[in-house]
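Engineer: The structure under discussion is supplied below as structure tokens; questions concerning it will follow.
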Amino acid sequence: MPGWRLIAFPLIIPWREEFWTLPVYFPQLEVGVAPNWPAAMPYETRPLPQEAQRPLKELAHYRPGELTQQKAFEDFLAAQEEGVGDILRELKGLPPEEKPAAPRVEAQALTLAWQLEKLQADEEAQMTLVDRGHAWLAEILAPEPWEPQPQFGTVPGLKEMVDPGLARLRFALWQREMVGESTRSWAPLLLSRTSRAIFGVLQGWPDWTQVARETFILPGVRTEEDWRRQAEPPWRDDFAGELEELLAAAAEGEETLAEQAGIFREFIEEEVTPAWTGPQVSWELEVWAQSPGQEEFGPVLCWGGVNADILPGA
């Protein structure tokens, strides 16, 4: 997509079978660190940096604000040393010494951010297995169709919450590593079980409950073999163009998104679905309109319903 960059969120994404469908629709998707992804996936990923592989306990003694205080103290010492050094060199008739800044505190903070990101990714991988186990148990323990099914009332339960501070940290690290200083329009494609809630935190309360969005049903696959049958669909270029129009409309707001969503939905029904061959598997694609006052990111894409039960933190 020449006009828009599609960037997978978050930075480290454990593998899910649903992802076999991604290269069919998003061949130019930018992916960060992708542990345990199949080698056949046509995405160029990056290795896990050394910072993320260090033991988390290295920075466990820090308290909130200490990195800032330490940086201020180091800046003060550096300024004092620089001033004394310049005076001595001037007395000796030497030119001022050029010393590159050593961002030790910044490097420590970046290391901690990477370590926390890896910790979240490891937890994500474990919870994916838990989700799969829940689905398997529900299927195994479900009553046979000819048996009377018991009727249970709604049982309120606790849902997972996303910590606002950690959500902002993960977004900041992702934006630093994946978006960078690019001036091209970009849109995140949310792929983790907590990513919807993370972007809900970024929207803020109560705005995350009022985000305008459209949902589209796309045919998909679950295996490498089925993906290879759909690897070069004849409608791919047209899909990319229609998606660009949809993202541009979502960047303008709710009304334009709703109008363009009808055109996009019609394209899927008339061009994509009839030409699809293979198993009948469907995935959801959500597109969020850009909310007023959210300059840090524009429209958002969310893949599937893998994180529907995760709530943003208060």
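Engineer: Of all residues in segment 1-37, which are at pLDDT below 95 and among the charged types (D, E, K, R)?
Structural biologist: Matches in segment 1-37: 5, 16, 17, 18.
Engineer: On the given criteria, is residue 82 modelled with pLDDT of 65 or more, farther than 17 Å from residue 188 by Cα and surrounded by 12 or more Cβ atoms within 10 Å (Cβ to Cβ)?
Structural biologist: Working: modelled with pLDDT of 65 or more: no; farther than 17 Å from residue 188 by Cα: yes; surrounded by 12 or more Cβ atoms within 10 Å (Cβ to Cβ): yes.
Answer is no for this residue.
Engineer: Whether any residue in segment 47-64 is modelled with pLDDT of 90 or more, surrounded by fewer than 16 Cβ atoms within 10 Å (Cβ to Cβ) and over 18 Å from the mean Cα position of the chain (by Cα) is what I want to check.
Structural biologist: No, that holds for no residue.
Engineer: Mind telling me which of the residues 223, 215 ends up being farther than 17 Å from residue 28 by Cα, in contact with an Asp or Glu (Cβ under 7 Å, 6 or more places away or on another chain), surrounded by fewer than 20 Cβ atoms within 10 Å (Cβ to Cβ) and polar (S, T, N, Q)? Can you show your working first?
Structural biologist: On the way: 223 fails: in contact with an Asp or Glu (Cβ under 7 Å, 6 or more places away or on another chain).
Unique residue meeting the criteria: 215.
Engineer: Given the structure, is residue 277 under 28 Å from residue 225 (Cα atoms), part of a helix (DSSP H, G or I) and touching a residue at least 12 places away in the same chain (Cβ under 8 Å)? It would help to see each step written out before you state the result.
Structural biologist: Values: under 28 Å from residue 225 (Cα atoms): yes; part of a helix (DSSP H, G or I): no; touching a residue at least 12 places away in the same chain (Cβ under 8 Å): yes.
Answer is no for this residue.
The values are calculated or read from the model by the stated rules, or taken from the named source; none is laboratory data. All values derive from a computational prediction rather than experimental measurement. Please note: Cβ atoms are built from the backbone with ideal geometry, for glycine as well, and neighbour counts cover all protein chains shown.
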